[in-house]
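The values are calculated or read from the model by the stated rules, or taken from the named source; none is laboratory data. Small disclaimer: the values here were computed from a predicted structure and weren't measured. With ideal geometry, Cβ positions are generated from the backbone for all residues, glycine too; neighbour counts draw on all protein chains shown.
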Number of protein chains: 2
Amino acid sequence: MLTRQDCEARDRADPLAPLREQFVLPEGVIYLDGNSLGVLPRATPARIREVVECEWGQDLIRSWNTAGWIHLPHRVGAKIARLVGAEAGELTAADSTSVNLYKVLVAASRLAQADAPERRVILSERSNFPTDLYIAQSVAQELGWALELVEADEIEARLGPDVAVLMLTHVNYRTGRMHDMAVLTRRAHEAGALAIWDLAHSAGAVPVDLKGCDADFAIGCGYKYLNGGPGAPAFVWVHPRHADRFWQPLAGWMGHASPFEFTPDYKPAAGIARYLCGTPPILSMAALECGVDTVLAAEPLGGMAALREKSLALTQLFMDLVEERCAGHGLALVSPREDALRGSQVCLTREEGGYAIVQALIARGVIGDFRAGDARMPDILRFGFTPLYCRHVDVWDAVEHLRAVLESGEWRRPEFNQRHAVT
Amino acid sequence: MLTRQDCEARDRADPLAPLREQFVLPEGVIYLDGNSLGVLPRATPARIREVVECEWGQDLIRSWNTAGWIHLPHRVGAKIARLVGAEAGELTAADSTSVNLYKVLVAASRLAQADAPERRVILSERSNFPTDLYIAQSVAQELGWALELVEADEIEARLGPDVAVLMLTHVNYRTGRMHDMAVLTRRAHEAGALAIWDLAHSAGAVPVDLKGCDADFAIGCGYKYLNGGPGAPAFVWVHPRHADRFWQPLAGWMGHASPFEFTPDYKPAAGIARYLCGTPPILSMAALECGVDTVLAAEPLGGMAALREKSLALTQLFMDLVEERCAGHGLALVSPREDALRGSQVCLTREEGGYAIVQALIARGVIGDFRAGDARMPDILRFGFTPLYCRHVDVWDAVEHLRAVLESGEWRRPEFNQRHAVT
């Protein structure tokens, strides 16, 4: 049987432990929701103050040149590229994940229309994150195409001659299940389809090798494991073999070859720059850079491989402790036990009370979240483990709180059963 | 002949003068570029610190509920609505101007396809802001439509039976010329076309009455006269008669009727909320709210009508003083002399040296900007007058610097003739 002392010993032996010092962690909080909103890096407030008070306040419009605002999307993009197996100049920070998905889906559909016009299906997973499905539904409707949704284990079989694009989220937001990007991209290509990957729950959480997997397009989120702050800009990557073939439809001035020549005709910039659209939100973009820097700080300590090792240790520990210490309380594991299939989160389910249990945990300072089920999918109690700042002892304490909430029945209190707008 | 003392007297008599106290104005700078990037409101740094350090840093994910992040786009939108003749609930802050233009152009084209499928032309002005033309070009290309560009005085005559959408920027970015929104919207409707207005250089600068003019769609910019900070989110307005007829194509989760039910099918929210797409950039959105508040602070003093009166006084003064004090130096006025045709900026041109003159002025602390001409359009020396913080004495001093730059010939120095990436 594991003890809290064992967890403390693991933290003492953890070579990544110093990375936690990069963050502001509120007193009395065990934060297991970095998969939804990453915590505040210590460097961010000073950097934002500099952007607001010096660059904007004092240097004003000149900062587009003197502070390099105009290059910020590409500078941040080049840093994110290092985390996902891409090169500088292939990836840029821009807009939201949803907007970027629209860009790459339309670009992919144009490729398909040019190269294989008989293909008119976008294939995705039924439990993909809803905004991905909404955007795909919109694009399919505009094109007169179909969006087909299947279960994870039906994907390969459904890759038929009518499929133009396989659009998947690498790590499932509900279950934490991770697809094999290399295998599914290869299967898609063998079947004549293009592969778009949403890295929302992957970037900064698990190793990703976009070039090694030969993916076609990728997008991802800045405010989860990249710690970029609420609503941070997202990112978009396009394989160089496709980048120059089409303009994406949101052909705004920042994607123009010479935005400040103000020519009336759109002439797309070379490469990924044409995936920019309007003027980037500099405050949010600067905060994103600080967040990405916290992940890059792991590079001298082994980088994403070392973070992955710790992440797996944390999620394994959580699953082991829940099984051991919360047995008999009706919890079941939704996330895969097998390491290769699991992202950096663990999802539990319970026939009843999932929402209230999460609320009771939050009241105790253990912050996870809840995702309601439906006819097809169970309720989810979701716990994200960010290896940059999560400790083994946090896992122990979180499970002890979970056990206490279940044993005491405190989750049945009325205040834990009132729904909020956002959970 | 006017004197500097006359200008000082006008400032003393100016009922709007106290509004200037709302802003951080760098020492030694006369800022005539608020039409490109508004100055920093004094309230912004503290508000951003609160968002970053308290709402994000301490309350983390809970702030979507407790700090009302989820309502922020609509709260800011309702404030902007008061400045442009719209109602709360009809306008929301979101994305960039370019992205919002794409949304409303596609929505307008769908209306046209449903109601008048023979109309397949988007009509705009040749000297419209380039990103508007690029987005329209992209939409026209997707639809197999044509984008037609004419001169300002040719618009009415070109409103034929093939025109689906008239897309105009209310105040021209190059010349400061302002269209008559009421007349052109009526002409468009009489000709069977829809009217989209870009308020980038209008919102917070000149009175706008979207409902009174019966406009169909409008978009606008948050970082110019609204003082929202570099790359602040933009806004989008849709007349209620159209809002529920279609989803716009960027159908992301924030525009869903129940984003946090995570249903696989897109069900658009009622009204303007369906014009949201992804997660909003909260830091930049919070700064935008501070900026909008600086304009709303004029409401007890007469609001946009009073700001307009002062703006016209400032631009008239600038034109008068340039004519009087810079005569014989080859400057010509590009902006209209007639008040009803002029926004809140004055543009000059000169056969030679426009870029260098602007650089020499910047070196003296007088910040305007330069827009290069081409075969059709002259070079522009552009000066924006934000009535919230610009004084009559600033106008006097700016013209004196301009006179000195021209008389001394200092603009011929090599350092003023080196081009930057962004001007």
A:Leu37 fails exactly one of (1) in contact (Cβ under 8 Å) with a residue 60 or more places away in the chain; (2) more than 9 Å from chain B (Cβ to nearest Cβ), namely (2)
Of the residues in segment A:111-133, those that are closer than 18 Å to A:Glu154 by Cβ and outside any strand (DSSP E or B) number 5
Restricted to segment A:88-110 and to residues being hydrophobic (A, V, I, L, M, F, W, C) and either within 19 Å of A:Leu147 (Cα to Cα) or in a helix (DSSP H, G or I) (or both), the residue nearest to the chain's Cα centre (by Cα) is A:Leu101
Reported set for segment A:47-62 where residues are more than 7 Å from chain B (Cβ to nearest Cβ) and closer than 27 Å to A:Gly89 by Cα is A:Arg47, A:Glu50, A:Val51, A:Glu55, A:Arg62
Within segment B:371-387, residues in a strand (DSSP E or B) and touching a Gly at 6+ places or on another chain (Cβ under 6 Å) come out as B:Leu381, B:Arg382, B:Phe383, B:Gly384
Subset of segment B:147-200, residues of a type in the set (Phe, Trp, Tyr) and free of Cβ contacts under 8 Å to residues at least 60 places away in the same chain, comes to B:Trp197
| request: Please verify whether segment A:58-73 includes one or more residues that are under 20 Å from the mean Cα position of the chain (by Cα) and within 30 Å of A:Asp209 (Cα to Cα). | output: yes
Residue hits (segment B:115-133; touching a residue at least 24 places away in the same chain (Cβ under 8 Å) and more than 13 Å from chain A (Cβ to nearest Cβ)) are B:Ala116, B:Glu118, B:Arg119, B:Arg120, B:Val121, B:Ile122, B:Leu123
Residue pairs qualifying under the 6 Å Cβ cut-off, at least six apart or on distinct chains, with the first in segment B:258-273 being within 7 Å of another protein chain (Cβ to nearest Cβ) and farther than 24 Å from A:Glu148 by Cβ and the second being basic (Lys, Arg) and part of a helix (DSSP H, G or I), are none
Inside segment B:1-31, the number of residues satisfying the requirement of being more than 10 Å from chain A (Cβ to nearest Cβ) and under 22 Å from the mean Cα position of the chain (by Cα) is 5
Practice item. For A:Arg342, state whether it is more than 14 Å from every other protein chain (Cβ to nearest Cβ), crowded, with 22+ Cβ neighbours inside 10 Å and within 24 Å of A:Glu125 (Cα to Cα). Key: yes
Original post:
Hey, does segment A:257-278 have a residue that's of a type in the set (A, V, I, L, M), in contact with a helix residue (DSSP H, G or I) (Cβ under 6 Å, 6 or more places away or on another chain), more than 21 Å from A:Glu87 (Cα to Cα) and modelled with pLDDT of 95 or more?
Top reply: no
Of the residues that make up segment B:360-374, is at least one over 25 Å from the mean Cα position of the chain (by Cα) and under 29 Å from B:Leu307 (Cβ atoms)? yes
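Rundown of residues vs (1) at positive phi; (2) assigned to a helix (DSSP H, G or I); (3) more than 14 Å from chain A (Cβ to nearest Cβ); (4) in contact with a Phe, Trp or Tyr (Cβ under 9 Å, 6 or more places away or on another chain), yes/no style:
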site	(1), (2), (3), (4)
B:Cys277	no, no, no, yes
B:Asp293	no, yes, yes, no
B:Ala305	no, yes, yes, no
B:Asp320	no, yes, yes, no
B:Glu323	no, yes, yes, no
B:Gly328	yes, no, yes, no
B:Arg337	no, no, yes, no
B:Leu348	no, no, yes, yes
B:Glu352	no, no, yes, no
Tell me whether segment A:152-163 contains one or more residues that are buried (at least 21 other Cβ atoms within 10 Å of the Cβ) and out of contact with any Lys or Arg (no Cβ under 9 Å at 6 or more places or on another chain).
no
For A:Val405, indicate whether it is modelled with pLDDT of 95 or more, assigned to a helix (DSSP H, G or I), within 19 Å of A:Gly34 (Cα to Cα) and outside the structural domain of A:Phe129 (by TED's automatic domain parsing). no
Residues of segment B:1-50 being closer than 20 Å to A:Glu50 by Cα and in a helix (DSSP H, G or I), in sequence order, are B:Gln22, B:Thr44, B:Pro45, B:Ala46, B:Arg47, B:Ile48, B:Arg49, B:Glu50
Requested in this report: Determine if segment B:29-49 includes at least one residue that is of a type in the set (A, V, I, L, M) and over 25 Å from B:Gly231 (Cβ atoms).
Outcome: no
(Q) Suppose the filter is away from chain B (no Cβ under 14 Å) and part of a strand (DSSP E or B); does A:Ala313 pass it? (A) no
Listed by first then second residue, the pairs whose first member lies in segment B:225-251 and is of a type in the set (Asp, Glu), whose partner is assigned to a loop (DSSP other than H, G, I, E, B), with beta carbons under 8 Å and at least 6 positions apart or on separate chains, are B:Asp244/B:Ala270
Picking from A:Val405, A:Val358, A:Val334, A:Val366, the residue that is touching a His at 6+ places or on another chain (Cβ under 6 Å) and crowded, with 19+ Cβ neighbours inside 10 Å would be A:Val366
When every residue in segment B:355-370 that is part of a helix (DSSP H, G or I) and within 14 Å of another protein chain (Cβ to nearest Cβ) is compared, the one farthest from B:Val206 (Cα to Cα) is B:Ala363
Scanning segment A:79-113 for residues that are at positive phi and more than 14 Å from chain B (Cβ to nearest Cβ), the one surrounded by the most Cβ atoms within 10 Å (Cβ to Cβ) turns out to be A:Gly85
Of the residues in segment A:67-78, those that are more than 9 Å from chain B (Cβ to nearest Cβ) and surrounded by fewer than 19 Cβ atoms within 10 Å (Cβ to Cβ) come to A:Gly68, A:Arg75
